[in-house]
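The values are calculated or read from the model by the stated rules, or taken from the named source; none is laboratory data. Since this is a predicted model, take the numbers as computed values, not measurements. Heads up, the Cβs are rebuilt from the backbone with ideal geometry, glycines too, and the neighbour counts pull from every protein chain shown. To get the accessible areas, we keep the full protein, side chains included, count just its heavy atoms, and leave off ligands, DNA and RNA. Shrake-Rupley method; radii C 1.70, N 1.55, O 1.52, S 1.80 Å.
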Amino acid sequence: MKPATLRDVAAAAGVHPGTASRALNSATQNLVNRGTVARVIKVAAELGYQPNPIARSLKTSKTGTIGIVIPDLTNPFFPPIVRGIESILEPAGYSGLLVSTDGDLSRERTQVAALRARQVEGLIIATALLDHPLLEELGDMGVLTVMVNRRPHLTNAPSVIPDDAAGIRLAVEHLASLGHRRIAHLAGPANTSTGVARARAFQDAVADLDLVSDPRLIVTCKAWNEDAGAHGLRELLATSSDFTAVVAGNDLIALGCYDVFAERGIDCPREISVVGMNDMPFLDKLRPPLTTVAVPHRQLGEESARLMLDLLREPDRPIRSVTLPVSLVVRASTAVVSDTNIAAHDRHR
């Protein structure tokens, strides 16, 4: 059978095709009587009518799609953010097109070009570096862009981020309350706003709490992943002295610490306590379960989608950015400092 057309739906519902089109578009349904909307939707379902998004985009120059750019599809931090974005976009009549850059700037440029070729109406980007020429180019071209989880320099775009400084401070205060004074930090990459903000917050918290401030207790990881975390902890063990706890830049870096604990027979938390950041899924299944700072993943996505919808409605509205609160989740990877911590250090260097 020939697929039903919009004209077929309109004829069966007894309305003009333009009215049927508005009734079937969630963004314009408010322009049509509720009874008519219900009737048109019922008829469309009975006829098996499927809207043609290509035809609609040719007529309106609107595709109803938003590009979502993330750095790593395998990182458990990002799927809840994407789900949050979708939960806001879909009721507004938009769908998301997702791409992962694998942290590769050339791949990112290619993927963004592909999204623009599909005529996405805006981009929600989670890959931003502190200095990011592509973002500046997109801004110069007038591409509607929202940053999520990162806030780069020199980019005039709305952003949604967790309160990184407050989160790191919660981690340091928790360890200090357990008696730890020599606390190390495995910082995230220095070319990301999150890495820089968390490292700065760590140094500020150490100073404010009158803990031991030692440059050897801070190692900057080259990536936000497990391998980088393991490499960073090995460097700490080789070069620094007598630290009893680690604040990791994120949970994946903390998981790298667990790898080193296993290879060197280090008892966590009896010998070294560790705190992560993000509270990604399944951390409670680790041995020991990881103490971490919980970030509202889904809400990050929801708020970034709302900022995008605001831009779509009012492209010239003042730039608005959102910082979301975080909380500490205490599990079994942290414990009161003891003589065991100090004695164990030299044994595992």
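Couple of notes before you dig in:
- Figure legend: label point modelled 7 angstrom from the Cα of Ser95 along Cα→Cβ; residues of the stretch 1-29 with amide N under 16 Å from it are 25-27.
- The largest accessible area among Arg181, Arg169 belongs to the first residue in Arg181, Arg169, and the rest follow in falling order (1.4 Å probe, all chains).
- The coefficient of translational diffusion for the stretch 6-51, derived via Stokes-Einstein from the alpha carbon Kirkwood radius under 20 °C and 1.002 mPa s, stands at 215 µm²/s.
- Mean residue ellipticity (222 nm) of the chain, computed from DSSP H runs ≥ 4 via -39,500 (n - 2.57), nearest 500: -13500 deg cm²/dmol
- Computing FRET efficiency as 1/(1 + (r/R0)^6) for Arg181 and Arg118, where r is the C-beta to C-beta distance and R0 is 51 Å, gives about 0.40.
- Using alpha carbons only: equivalent-ellipsoid semi-axes of the chain, gyration tensor based, whole Å: 50, 20, 17
- Using alpha-carbon coordinates, inclination of helix 193-208 to the longest axis of the chain, degrees: 40 degrees
- Extension gain for Val330-Asp104 works out to 77.9 nm (0.36 nm per residue, less the C-alpha to C-alpha distance).
- Tilt relative to the chain, helix 297-313 - C-alpha long axis, 0 to 90 degrees, to 10: 40 degrees
- Here the stretch 302-320 and the stretch 213-252 have alpha carbon centers that stand 38 Å from each other.
- Dipole of the stretch 192-349 computed with +1 at Lys/Arg Cβ and -1 at Asp/Glu Cβ about the Cα centre; of Ala305, Gly232, Pro325, farthest Cα towards the positive end is Ala305.
- Net +/- balance of residues flanking Glu302 in space, Cβ distance below 10 Å, scoring K and R +1, D and E -1: +1
- Residues Asp140, Asp204 ordered from highest to lowest accessible area at a 1.4 Å probe: Asp140, Asp204.
- Built amide H within the under 5 Å cut-off of Val295, gap 5+: Asn278, Asp279
- Dipole magnitude (debye, nearest 20) for the chain, charges at Cβ of Lys, Arg, Asp, Glu: 1440 debye
- Surface accessible to a 1.4 Å probe, His132 within the full protein complex, Å²: 10 Å²
- Annotation: amide H-H contacts under 5 Å for Ile218 (H modelled 1.01 Å from N, sequence separation of 5 or more, or interchain): His185.
- Computed from point charges on the beta carbon alone (+1 for Lys and Arg, -1 for Asp and Glu), the dipole magnitude for the stretch 79-236 about its Cα centre is near 220 Debye.
- Sorting 270-281, 312-323, 28-39 by average packing, meaning the other beta carbons within 10 Å per residue, from highest down gives 270-281, 28-39, 312-323.
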